[in-house]
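Following: one structure in structure tokens, then a few remarks.
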Amino acid sequence: MIRRLLERLPGAIVRRPGRFVVATVLPCLVFTAFIAVIPIDVGMLSMLDKSHPDVQRYLDITRTLELGARMIGVVEGPEDKLDAAGAALAETLEAQDGVQRVFHELPDAWLEANEPYLVPRPVFDAWVAIAKNPVDVGALTTLQEGLEELHAERTMLRRDGLRLLEIKMTLDPLEAPMGGADYFIAAAAAEDVAEAHGVTIQFAGMPAVGAQDQAQVFKKIYWVSPIGLLIVLLLLRMVERRPLQLAAVALPMVLSAGATVGLVGLLMGQISAMEAFFGVLIFGLGVDFAIHLMVRLREERARGLSFEEGLAAALRGAGPGIVAGGLTTAGAFAILAMAPDVGAQHLGTSGALGLLLCLVLMLTLLPALWVLLERRGVSPSPRELRVPGLARLARIGVERPWTVIVLSMIVAGAALSGLRHAYFETDLENVFSREVPALRTAERLVAEFEFNPQPWVVLADTLDEARRLADEFEATDTFVRAESLGDVFPEDMEGRADILRSLRAFLPVPALTAAAAAGPPEPADLPDLIRERFVAPDGRFVVRAYAEKATMDGLVAAAERRAAQEIHPDATGMGITFEHTLGGDRPWLKWVFLGILAFVVSLLAVDTRSLRWLVIAATPVLFGTAVCLGTLCWAGVSFNVMTTVVIPLLIGLGVDDGIHVVHRIRDAAGTLTPDLAAVSVGRAITMTTATTSTSTLAFLIADHPGLESLALVLIVGLPMCLLASVLLVPALTVVTAPRTPA
């Protein structure tokens, strides 16, 4: 049916090219327009499964307490400059649109006024004893040592040579758009003020981590990407030199990208960060469809056919392979969309719908544009594309097939043995950019202040419950410290008030007299810094538990969550996000890839209708994927959330290569030998491999392990698929050819 359609399509396009342009462009523009009215969530939150109880609990509590929106500024410099610098920095930061509040000093006046109620009981008893007997030396010693120790502990925002600023941003980084400017604007303003005061400031916390990671990546890719694009354009000029012809190729890709984002948004209710990755797929696979048509058209024109005859021959000849390859890859992404993972669902849906749409446009809109350009005198190049060395390589596969097959098996086997070294990277710190100062600042906070910017949090209904939970957290091996309002308010404050009131007439100590008159402090009277830290807006009491390290490892976070929820089932923290995006427990991944494999095999079986040709067509993707993944494992490259994005792309491109070569060999049987048929299609495959690999080169210099691994999968895997297509496929064709009777 597809072949019959492709045979009729060229004539219809040549007769009415304008109708095809209107019929394809208008629906794409309509779907693209929906982007303006669909909610856009391109922050980290879009990668989380919001229906999961743990994720929903974290989202609820972080919105209540605004946990994720907090970051810490570490100010360092001469001691005599720090207080003035801290006040100036707080004032400057609070003036920024992206900052809500900045705390830079302890509420000393409130603490001193209520000190008799806040000191440990032995210190209080010593204080009262001195009031009764000012010459009690033992009590005086206890009081002095106790107050000194207490004041030393109240250094949450102070150290010699250091000051901390606790900053509450307007947006949680999970909900802020990727690349948002709030952090950069606030940090730049703060750095200017710090420099003017002779001090330095560094930041920790997720707002700083996420922004600094993006800044490092974008800064390097900013100047490398144009170079990569220029190289891709130069490569495409080997296929087609005329700018209008290249623009005709770009239009279907741009339209399909926009229409897909709008269509996926309609289907899934929002546009997520994964739709941003879809551009890589469109410009990776979409340009492949076009190149196969362009190279085949050049080949047919070089044989002396007219433009219309060549277009018809190109669609009939390359079209079935393009359709089979496109459907195979789109189906693989559709299976990925069935995974119980939000990111995979969005990527799979985008890939499946987008590739189908791009496939349709490349087979209809692109030829229609070519027809219109031809009528204006802008014809595609009539010369056959030449790739040096390709014919010689393919000839080796035909002349020494068993040598090629055996060596290929040895190479693939040696590479696959490296899979025993495979591991999935669960630590976001090893996926992020290597130049993220906020990570080092967080480590310093833990060392200097025992302050981890990623606490586990639970809300207690009563102050007694908050004290109990804090004690239970500190009793575990997982958490080194816990805090609650119970650390500020001792249990016996009412008893102390009774003692002070009973001795009020005999208290010569002003601090005790004032405390007796004021009575014990209430949660409602707390200063902002303490209230926001320990009391939720609904009146419940906040308990924070701190692990020894501010980890972003999904497996470590999962262990911390289990330990926290053994103490209280509602305990939650930012570690939940690391567990659900980076945790290694993905049992569905195996079934998704098995499903993709089964689908690819099934579609190849339908397309080839022959076990022999099925195996031969699958060889490039099997060989290329095996050598790629095995080689990366031997090299110590980890798999991570980013490689899961690009592996389906490698599989799609590899399958596409094999299908095109097999189609050409079978169609040209009797007229072209297997090596010449492979060379005919290999020219296009060489160009698609070069353009797609080149487009990812920028990622290798981003100093970003996640992006590097993504690029390496394509840069290693695609050439291996190309090699198998032009060397191994002809060899297998010769070896498995039916013997003719003598």
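Among the candidates ILE715, ILE659, the residue that is in the same structural domain as VAL621 (by TED's automatic domain parsing), under 17 Å from THR631 (Cβ atoms) and either among the aliphatic types (A, V, I, L, M) or in contact with a helix residue (DSSP H, G or I) (Cβ under 6 Å, 6 or more places away or on another chain) (or both) is uniquely ILE715. One residue stands out among those in the range 311-354 that are touching a Pro at 6+ places or on another chain (Cβ under 7 Å) and under 30 Å from ARG375 (Cα atoms): the one that is surrounded by the most Cβ atoms within 10 Å (Cβ to Cβ), which is LEU311.
One residue is enough: does the range 459-467 have a residue meeting the conditions under 34 Å from the mean Cα position of the chain (by Cα) and part of a loop (DSSP other than H, G, I, E, B)? The answer is no, given that none of the residues of the range 459-467 is under 34 Å from the mean Cα position of the chain (by Cα) and part of a loop (DSSP other than H, G, I, E, B). Residues that are closer than 30 Å to VAL209 by Cα, assigned to a strand (DSSP E or B) and not small (Gly, Ala, Ser) do not occur anywhere in the range 433-450. Please identify the pairs in which a residue from the range 61-80 that is in a strand (DSSP E or B) has its Cβ atom under 9 Å from the Cβ atom of a residue that is of a type in the set (D, E, K, R) and buried (at least 22 other Cβ atoms within 10 Å of the Cβ), counting only partners at least 6 apart or on another chain. Going by the 9 Å Cβ cut-off, the qualifying pairs are GLY73/ARG163; VAL74/ARG163; VAL75/ARG163; GLU76/ARG163. Among residues of the range 308-337 that are without any contact (Cβ under 8 Å) to a residue 12 or more places away in the chain, those with a Cβ under 8 angstrom from a residue that is part of a helix (DSSP H, G or I) and not aromatic (Phe, Trp, Tyr), sequence gap 6+ or separate chain, pair up as GLU309/GLU300.
Can you tell me which residue is surrounded by the fewest Cβ atoms within 10 Å (Cβ to Cβ) among those in the range 64-120 that are more than 26 Å from LEU512 (Cβ to Cβ) and among the β-branched types (Val, Ile, Thr)? My answer is THR64. In the range 668-679, of all residues being modelled with pLDDT of 85 or more and surrounded by fewer than 23 Cβ atoms within 10 Å (Cβ to Cβ), the one that is farthest from LEU653 (Cα to Cα) corresponds to THR673. So, of the residues in the range 188-213 that are aliphatic (A, V, I, L, M), surrounded by fewer than 24 Cβ atoms within 10 Å (Cβ to Cβ) and part of a helix (DSSP H, G or I), which turns out to be farthest from the chain's Cα centre (by Cα)? Per the stated criteria, the residue is ALA196. Taking the conditions exactly as written (in the same structural domain as LEU622 (by TED's automatic domain parsing), assigned to a helix (DSSP H, G or I), surrounded by fewer than 20 Cβ atoms within 10 Å (Cβ to Cβ) and without any contact (Cβ under 8 Å) to a residue 24 or more places away in the chain), does ILE396 satisfy them or not? It is false that ILE396 is in the same structural domain as LEU622 (by TED's automatic domain parsing), assigned to a helix (DSSP H, G or I), surrounded by fewer than 20 Cβ atoms within 10 Å (Cβ to Cβ) and without any contact (Cβ under 8 Å) to a residue 24 or more places away in the chain.
Is there a residue in the range 596-603 that is among the small types (Gly, Ala, Ser) and over 26 Å from the mean Cα position of the chain (by Cα)? For the range 596-603, residues among the small types (Gly, Ala, Ser) and over 26 Å from the mean Cα position of the chain (by Cα): present. The residue of the range 350-387 that is modelled with the lowest pLDDT, among those that are basic (Lys, Arg) and outside any helix (DSSP H, G or I), is ARG383.
Exactly one residue out of ASP471, ASP487, ASP427, ASP498 is acidic (Asp, Glu) and modelled with pLDDT of 90 or more, and it is ASP471. Within the range 697-717, the residues that satisfy the criterion of being crowded, with 22+ Cβ neighbours inside 10 Å and closer than 21 Å to HIS292 by Cα are LEU714, GLY717.
Condition check for LEU485 on (1) of a type outside the set (Phe, Trp, Tyr); (2) surrounded by fewer than 21 Cβ atoms within 10 Å (Cβ to Cβ); (3) more than 20 Å from PHE578 (Cβ to Cβ): one failure, at (2).
For the range 667-683, filtering for residues that are β-branched (Val, Ile, Thr) and touching a Ser or Thr at 6+ places or on another chain (Cβ under 9 Å) leaves 1.
Residues checked against (1) of a type in the set (Asp, Glu); (2) at pLDDT 80 or above:
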| position | (1), (2) |
| --- | --- |
| GLY389 | no, yes |
| ILE396 | no, yes |
| SER408 | no, yes |
| VAL411 | no, yes |
| VAL431 | no, no |
| GLU435 | yes, no |
| ALA438 | no, yes |
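Taking the range 437-456 as the range and being surrounded by fewer than 22 Cβ atoms within 10 Å (Cβ to Cβ), in contact (Cβ under 8 Å) with a residue 60 or more places away in the chain and of a type in the set (A, V, I, L, M) as the test, the residues that pass are LEU439, LEU445, VAL446.
Yes or no: ALA12 in the same structural domain as LEU355 (by TED's automatic domain parsing), modelled with pLDDT of 80 or more and in contact with a Phe, Trp or Tyr (Cβ under 8 Å, 6 or more places away or on another chain)? Yes.
Within the range 547-581, the residues that satisfy the criterion of being outside any helix (DSSP H, G or I), at pLDDT 90 or above and in contact with an Asp or Glu (Cβ under 9 Å, 6 or more places away or on another chain) are HIS568, THR572.
The values are calculated or read from the model by the stated rules, or taken from the named source; none is laboratory data. A quick note: this is a predicted structure, and the numbers were derived from the prediction, not measured. Every residue, glycine as well, gets a Cβ built from its backbone with ideal geometry; the counts of neighbours run over all protein chains shown.
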